[in-house]
Amino acid sequence: MSAIILETRGLTRTFGAVVAARELNVRIAQGEIVGVIGSNGAGKTTFINMVTGYLPPSSGDILFDGNSVLGRKPRDITRMGMARSFQVAQLFPKLTVMENAMVALVAAEGTQPSFLRPLDTPQRREQANAIFEEFGVSRYRDALVNTVPQGARKLVDIAMALVSRPRMLLLDEPTSGVSSEEKFALMDTVMAVVRQYGVTVLFVEHDMEIVARYVTRIIAFYSGEIIADGPPKSVLGNARVQELVIGHDLNVNSAVGENA
Amino acid sequence: MSLRNYFSSPTEPALLLAAAVFVAGAWVMPAWLAFLLTLALAKALVVLGVVIQMRAGLVSFGQALFYCIGGYGVGLASQYLGVGDAFALLALGTVAALLMALACGWLLTRYREIFYAMLTLALSMILYGVLVKSSALGSTDGFNVSPPSFLGWVPEGDARKRTLYLLTVFVAAAVAMGFHRFMVSSLGRVTEAVRENEIRVEYLGLSPQRMLFANYVLAAGVSGLGGGLTALASGHIDPDMAIWTTSGEFVFIAILGGTGHVVAPFIGAIVFSVLRTFAIQEAPNTWQMTLGITLLALILFLPKGLWSLVDRNKPEVSA
Amino acid sequence: MTTIFAILIDGAIYASWLFLVAAGLTIIYGVMRVLNMAHGSFYAIGAYSAASLVSWYFSGNQGNAYWSLLMLPACALVAGAIIGIAIEQGLLRFLQGRDEILMVIVTYALLLILEDATKLIWGVNPYFAYQPYRLLGRTSIGEGLRFANYDLALIAVAILIGLVAWFILNRTNKGRLLRAVIHDREIAIAMGVNVNAMFAATFTIGAVLGALAGALTAPAISVTPGIGVEVIVLAFAVVVVGGLGSIGGAAVGAILVGLSRSFAVHIAPEIELFVIYGVMFLVLAIRPQGLFGQALARRI
């Protein structure tokens with residue numbers, strides 16, 4: 001049994017009368033690939049926002065590597081080894097893809113950015129080029145981010161999160177906004193890199209085929225609560241999950257494939 | 001480090017060349033032109049402070065605060081502390097501006113957009129209000145700054161104008177080179193990233209506020225330096241150095257020149273000063289109107305300023 | 001004791017003036033998200049048109065001072081409406097949706113243009129339109145306190161305008177639509193509110209209010225170039241303290257700034273300006289949305 005890398009205890013978040021997250025108890029072990037499913041507004045992004053320090057919980061605790069990170073800012077949590085990507089790719093639109101990568105690289109170096117030494121150095125260029133190769137976005141290297149297509153932007157978004165070699169990566173709808181033909185290609189690329197660095201992954205996804213293909217475990221959210229948590233076959237076969245999340249009968253065996 | 005590595009872009013040799021031309025001009029140009037350029041270059045330093053904040057995504061409507069502190073720092077040190085040396089005076093003015101920025105900057109950089117603009121404006125108007133009502137400091141009249149010495153030597157008349165001109169050119173060139181390095185440095189570029197997407201910078205592991213604070217202090221220092229040079233060159237300081245319309249002028253020149261390159265504020269300031277000299281002579285009652293129409297035209301048709309006319313081809317220049 | 005009374009009444013007079021100046025500015029920001037620097041020009045144009053008309057009216061030395069009183073709001077209405085519609089339809093309409101800070105700079109450009117435009121139209125010499133001011137006489141309170149009734153009447157006008165604004169915003173359908181747009185423009189558009197017409201109307205009303213403040217002040221001052229530029233920063237202070245977009249906030253802001261300044265003027269005149277901008281800075285630093293403004297929204 002691997003060590004628990006991320007744990008939440010009774011994590012709750014209310015906005016006035018709305019309960020966006022209710023008593024979430026989650027334990028994720030190192031090496032797991034976890035899929036998070038649930039309809040819009042079910043609390044998945046709220047969960048990620050809380051766990052990464054962007055949104056303070058109303059009550060409960062969050063432990064990373066056994067240490068409480070409650071009250072820590074996102075930048076501290078990133079430095080501790082937990083990175084994330086975003087539903088809408090959060091990049092620097094008027095900088096080039098190369099410059100975006102170099103900013104991520106300089107941030108990952110751990111020291112305060114220098115007043116005088118340039119951002120653009122041969123070493124950083126080399127590292128950035130290697131990352132672009134891994135993710136297949138080399139052709140966009142010198143383009144301004146706001147001219148780059150959506151799929152490539154999501155890849156760059158994820159690539160930047162991986163620059164700091166985090167031990168855990170949270171992906172918020174990595175294939176949203178990407179055409180159905182490209183979804184699998186994108187996930188194949190990302191998961192190949194993730195496996196190479198041994199990163200624990202949790203990703204939010206709406207497409208059941210994608211979820212079932214890559215994960216060893218699924219957590220299902222509904223209305224701010226976790227209604228199922230376990231191996232893909234049992235979660236996807238769960239009647240409540242089928243009714244409330246998937247919304248239709250799913251041929252569980254064909255969806256789940258080899259990872260069950 | 002070979003010479004080729006040292007000059008990685010054409011900017012620095014170009015700046016040195018420009019400085020050399022300006023220096024050589026000192027002996028051929030008429031005294032009034034040297035004076036005009038001195039004031040223009042000093043003003044450009046303040047505008048540079050506005051520009052680096054714009055590159056960080058913030059518009060300062062109160063940069064005149066540091067311009068005034070730099071000027072009054074020089075004036076007060078000269079009048080009440082008996083400091084006579086130009087270099088010492090400039091250092092004191094700049095340090096005063098830096099201290100103020102260190103005191104206020106952390107609070108101010110918690111704000112963005114309109115609130116940042118209003119806060120900077122309020123701060124500069126507080127100083128204005130204090131100076132206007134302080135009869136000890138000459139209230140609205142201000143007071144004169146005695147001619148400085150330069151490491152012992154006290155030039156007179158035209159020689160003084162020329163010396164101040166040369167001093168300003170050297171300072172401007174040095175500042176331009178330094179700020180060019182800053183603009184392409186890790187901190188400079190990350191500060192631009194803060195403008196583009198603050199949340200992502202936070203998630204990459206850095207503190208956006210820290211970047212903005214460093215930027216703010218740097219801007220204050222260079223603006224204080226500009227104020228100090230203006231005080232020395234014009235020989236006079238008054239509270240209007242802090243009034244909000246002075247800040248508005250700096251913002252105008254920043255937009256006129258553009259934010260894409262360290263040289264842009266210098267171009268903007270020189271063009272502005274030349275145009276203003278003509279306009280005040282020919283049509284003093286329509287100068288503000290000219291400014292206003294030009295500003296609108298810039299915003300509508302040339303939002304990246306005059307610099308964008310020079311630099312059409314490079315898509316990766318971030319403005 | 002006399003001093004306290006003096007401070008309070010002077011404060012109320014100054015606050016009324018501040019409210020009149022700031023009301024239009026805060027409404028325009030609230031509905032259109034434009035922090036309109038040219039509001040100072042509306043004030044100046046209102047003052048100049050009123051002062052020049054009243055001066056002309058009395059130039060033959062014959063004139064009914066009561067008519068001159070009526071001329072003030074009339075000028076404000078006409079001048080404010082003309083300049084308001086011209087600017088909104090001629091320029092701002094095309095810049096909708098642009099960055100807020102850019103709009104500050106655009107309206108700053110307008111302020112500069114209109115400053116010189118007033119110089120071209122009315123010249124640089126001061127205008128005096130004291131007749132309406134003198135007409136209303138003076139009141140004595142207690143020992144040694146004398147106030148011009150015109151100034152006291154200003155308090156009544158400010159309260160009246162405040163009440164009318166409150167009534168329109170809270171008790172009429174048009175007012176409710178306006179509040180909806182202030183609260184959330186996108187949803188209002190989605191619900192079919194004709195936002196363009198609303199913008200044109202709001203900007204014009206704001207301009208008229210600004211011009212009214214200028215027209216009503218004209219009899220009490222000498223109208224000279226630069227009054228617009230002077231006034232706008234004070235208006236900012238009031239609106240920022242009260243909360244951008246809130247009329248109630250503008251009233252509270254005006255009272256706070258007015259009383260603080262009155263206190264300074266009577267007790268420690270050197271800090272008069274310091275106090276005004278100090279209060280502005282404090283409120284901005286502690287509660288940037290002002291006392292009654294909306295809190296800023298999240299981003300991701």
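Taking one equal scatterer on every alpha-carbon of region A:114-260, how large is log10 of I(q)/I(0) by Debye at q = 0.11, 0.13, 0.14, 0.21 1/Å?
Once normalised to I(0) and log-transformed, intensities are -0.51, -0.67, -0.76, -1.35.
Taking every DSSP beta bridge with both residues inside the protein assembly as shown, roughly what % is antiparallel (nearest 5)?
65
Over all residues in B:36-49, what is the mean tally of Cβ atoms on other chains that come within 10 Å of each residue's Cβ?
0
Run the simple label-point estimate for B:ALA20 and B:THR290 please: 7 Å along Cα→C-beta, distance reported in nm.
With each label placed 7 Å out from Cα toward Cβ, I get 3.5 nm.
Can you compute the charge dipole magnitude of chain A about its Cα centre, using +1 on each Lys and Arg Cβ and -1 on each Asp and Glu Cβ, nothing else charged? Give it in debye, rounded to the nearest 20.
I would put it at about 660 debye.
Which value, in debye to the nearest 20, gives the size of the charge dipole of region B:17-243 about its Cα centre, when Lys and Arg are +1 and Asp and Glu are -1 at the Cβ?
That gives region B:17-243 a dipole magnitude of about 380 debye.
For B:LYS304, list the lysines whose Cα falls under 16 Å from its own Cα; do not include residues on the same chain fewer than 8 positions away.
Hits, sequence-local ones excluded: A:LYS94, B:LYS314.
Taking H as built 1.01 Å from N, whose amide H comes closer than 5 Å to the amide H of B:ASP85, not counting residues under 5 places away?
The answer is B:SER149.
Rounded to a whole number, what is D in µm²/s for region C:120-170 from Stokes-Einstein with the Kirkwood radius over alpha-carbon pairs (25 °C, 0.890 mPa s)?
Using the Kirkwood radius from Cα pairs, D works out to 177 µm²/s.
Under a crude label model (7 Å from the Cα following the beta-carbon direction), how far is C:SER140 from C:ALA156 in nanometres?
Output for this residue pair reads 2.2 nm.
As an exercise, identify the GluC sites (Glu not before Pro) in region B:138-206 lying in DSSP coil whose Cβ has no more than 11 other Cβ atoms within 10 Å.
When the GluC sites (Glu not before Pro) of region B:138-206 are filtered for loop state and at most 11 Cβ neighbours within 10 Å, B:GLU156 remain.
Suppose all protein chains stay in the model; what accessible area per residue would a 1.4 Å probe give for chain A, in Å²? Numbers along the way, then the final one.
Numbers: 10980 Å² over 260 residues.
Counting only protein heavy atoms, the per-residue value for chain A is 42 Å².
Say each of A:SER58 and B:LEU99 gets a label point 7 Å from the Cα, pointing the same way as Cα to Cβ; how far apart are those two points in nm?
Going from the A:SER58 label point to the B:LEU99 one covers 5.0 nm.
Roughly how large is the B-C contact in terms of buried accessible area, totalled over both chains, probe 1.4 Å, nearest 100 Å²?
3900
Rounded to the nearest 10 Å², what accessible area does B:SER234 show when all protein chains are kept and the probe is 1.4 Å?
50
Can you list the residues, at least 5 places off or on another chain, whose amide H is less than 5 Å from the amide H of C:PHE292, using H built in the peptide plane?
Close amide H contacts, sequence-distant or interchain: C:GLY243.
In whole angstrom, how long is each semi-axis of the equivalent ellipsoid of region C:180-298, when you take the square root of 5 times every eigenvalue of its Cα gyration tensor and sort them from largest down?
30, 21, 10
Can you pull out the chymotrypsin sites (Phe, Trp or Tyr not before Pro) in region C:187-256 that DSSP calls coil and that have at most 11 other Cβ atoms within 10 Å? Mind dumping the intermediate values first?
Working: sites: C:PHE199, C:PHE203, C:PHE236; in loops: none.
For chymotrypsin sites (Phe, Trp or Tyr not before Pro) across region C:187-256 that sit outside H, G, I, E and B with at most 11 neighbouring Cβ atoms in 10 Å, the list is empty.
If you roll a 1.4 Å probe over the heavy atoms of the protein chains, what accessible area per residue do you get for region C:165-300, in Å²?
Accessible area per residue, region C:165-300: 44 Å².
Which one of B:ILE299, B:MET29, B:SER273 has its Cα pushed farthest toward the positive end of the charge dipole of chain B, where Lys and Arg give +1 and Asp and Glu give -1 at the Cβ?
Checked the options; the winner is B:ILE299.
Can you give me the three principal axis dimensions of chain A from its C-alpha atoms, in Å, biggest first?
Per principal axis, max minus min of the Cα coordinates gives 58, 41, 38 Å.
Normalise the Cα radius of gyration of region C:2-286 by 2.2 N^0.38 Å (N = residues in it) and let me know the number.
1.00
Given +1 on the Cβ of Lys and Arg, -1 on the Cβ of Asp and Glu, and no further charges, what dipole in debye does region B:87-221 carry about its Cα centre, rounded to the nearest 20? Each step should come with its number before you reach the end.
Values: 11 positive and 8 negative charges, 27 e Å.
The dipole magnitude comes to about 140 debye.
Could you calculate the FRET efficiency of A:ARG141 with B:MET29 from 1/(1 + (r/R0)^6), where r is the beta carbon distance between them and R0 is 41 Å, rounded to 0.05?
My answer for the efficiency is 0.30.
Mind listing, in residue-number order, the residues in region C:81-124 that have at least 50 Å² less accessible area with every protein chain present than in their own chain alone (1.4 Å probe)?
C:ILE101, C:ILE105, C:TYR108, C:LEU112, C:ILE113, C:ASP116
Just the number, please: buried accessible area between B and A, total of both chains, 1.4 angstrom probe, nearest 100 square angstrom.
2900
Report the semi-axes of the equivalent ellipsoid for region C:6-52 in whole Å, largest first, where each axis is √(5λ) for an eigenvalue λ of the Cα gyration tensor.
For region C:6-52, the ellipsoid semi-axes come out as 23, 17, 6 Å.
Within 10 Å of each Cβ of B:104-111, how many other protein chain Cβ atoms are there on average?
2
Would you mind telling me the antiparallel percentage of the DSSP bridges in chain A, rounded to 5? Numbers along the way, then the final one.
Values: 21 of 37 bridges.
Taking every DSSP beta bridge with both residues in chain A, the antiparallel ones total about 55 percent.
Per residue, how much accessible area does chain B show when a 1.4 Å probe rolls over the protein heavy atoms, in square angstrom?
Result: 38 Å² per residue.
Evaluate peptide C:238-246: per residue, the Cβ atoms of other protein chains within 10 Å of its Cβ; return the mean as an integer.
Taking the mean over all residues of the peptide, I get 1.
If you project the alpha carbons of chain B onto the principal axes, what extent comes out on each, in Å, largest first?
If we take the Cα atoms of chain B, the spans are 55, 46, 45 Å.
Leaving out same-chain residues fewer than 8 places away, which lysines sit with a Cα under 21 Å from that of A:LYS183?
Cross-link targets: A:LYS44, A:LYS154.
Take every Cα pair under 8 Å in chain C that's 6+ residues apart, average their separations, divide by the length, and report that relative contact order as a whole percent.
37
With N residues in region C:16-170, what two-decimal value do you get for its Cα radius of gyration over 2.2 N^0.38 Å?
In units of the globular-protein estimate, region C:16-170 measures up at 1.20.
Over all directions, how big on average is the projection of the convex hull of the alpha-carbon atoms in region C:1-102, in square nanometres?
Convex hull of Cα atoms, orientation-averaged projection: 9.5 nm².
If I compute solvent accessible area with a 1.4 Å probe over the protein chains, what percent of it on the protein assembly as shown is carbon and sulfur?
60
Which residue fluctuates most in the GNM of chain B (Cα springs below 10 Å): B:GLY142, B:GLY258, B:GLY73?
B:GLY142
Could you order B:VAL132, B:VAL47 by accessible surface area, starting with the largest, using a probe radius of 1.4 Å?
B:VAL132, B:VAL47
With point charges of +1 on the Cβ of Lys and Arg and -1 on the Cβ of Asp and Glu, referenced to the Cα centre of region A:1-99, which listed residue (A:GLY31, A:ILE77, A:LEU95) lies farthest in the positive direction of the dipole?
About the Cα centre, the residue reaching furthest to the positive side is A:LEU95.
For the protein assembly as shown, what D do you get in µm² per second when you plug the Kirkwood radius from alpha-carbon pairs into Stokes-Einstein at 20 °C and 1.002 mPa s?
70
Among B:VAL95, C:PHE199, B:ALA20, which residue has its Cα furthest toward the positive end of the charge dipole of the protein assembly as shown, with +1 on Lys/Arg Cβ and -1 on Asp/Glu Cβ?
Working it through, the farthest residue towards the positive pole turns out to be C:PHE199.
The values are calculated or read from the model by the stated rules, or taken from the named source; none is laboratory data. Worth saying up front: this structure is predicted, and the values here are computed from it rather than measured. In this analysis, Cβ positions are derived from the backbone assuming ideal geometry, glycine residues included, and neighbour counts consider all displayed protein chains. Note: areas computed on protein heavy atoms with side chains; ligands, DNA, RNA excluded. Shrake-Rupley method; radii C 1.70, N 1.55, O 1.52, S 1.80 Å.
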